[in-house]
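These notes concern the structure reproduced below.
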Amino acid sequence: MDSAIGNTVTGHENDWDEDSPVYTEEGFDTLVRDIAADEMPRLFAVVYEQVPRQGAEVAAYGLAFRDRAELIAPDGASRMTSSNADQATALLAASTGDEQVKAHLVWISTPVGARV
């Protein structure tokens, strides 16, 4: 195994030892689930409000990673990368050029109406 891969999985240099026992199927399943859960981005939306509370629309959906936020418009026509979700919200608010539009950052923990 490439040591770079070992670093990614364990977070430590030289943790991979070819003489180490292989994970059991259950142990490996637990390992990959833990890694995926630890690195999972948070889902959010930026919602425009027509001030004062006259209406609202989703301006973008986003994924907040540890080091950045990735956003996409609901119609898929535009994308944006920002340093974080708060900055993305501020940028979208400023981009409207309309003082009657306020941007809200909405953290989404469970998608409404999600099919599991």
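At a probe radius of 1.4 angstrom, the accessible area of region 28-116 per residue rounds to 71 square angstrom.
I want the local charge near Phe65. Using Cβ-Cβ distances under 10 Å, sum +1 for each Lys or Arg and -1 for each Asp or Glu among the other residues. That sum, taken over residues with Cβ under 10 Å, equals 0. Computed with a 1.4 Å probe over protein heavy atoms only, the accessible area of Ser95 comes to about 80 Å². A simple rule links phi to the HN-Hα coupling: the Karplus curve 6.51 cos²θ - 1.76 cosθ + 1.60 with θ = phi - 60°, which for region 84-93 gives 6, 5, 5, 5, 4, 4, 5, 5, 5, 5 Hz, with x for Gly and Pro. Accessible surface of Arg68, taken over heavy atoms with a 1.4 Å probe and every protein chain present, rounds to 80 Å². What the Kirkwood sum gives for region 33-116 is a hydrodynamic radius of 13.6 Å, with every pair of different alpha carbons counted. Applying 1/(1 + (r/R0)^6) with r as the Cβ-Cβ distance of His104 and Ala37 and R0 = 22 angstrom yields a FRET efficiency of 0.20. Computed 3J(HN,Hα) for region 99-109, one whole-Hz value per residue from the Karplus formula 6.51 cos²θ - 1.76 cosθ + 1.60 where θ = phi - 60°, is 5, 8, 10, 10, 9, 10, 8, 10, 7, 10, 8, glycine and proline marked x.
The values are calculated or read from the model by the stated rules, or taken from the named source; none is laboratory data. No experiment lies behind these values; they were computed from the predicted model shown. Note that we place each Cβ from the backbone using ideal geometry, even for glycine, and neighbour counts take in every protein chain shown. The protein model used for the area step is the full one, side chains on, heavy atoms only, and it has no ligands, DNA or RNA in it. Shrake-Rupley method; radii C 1.70, N 1.55, O 1.52, S 1.80 Å.
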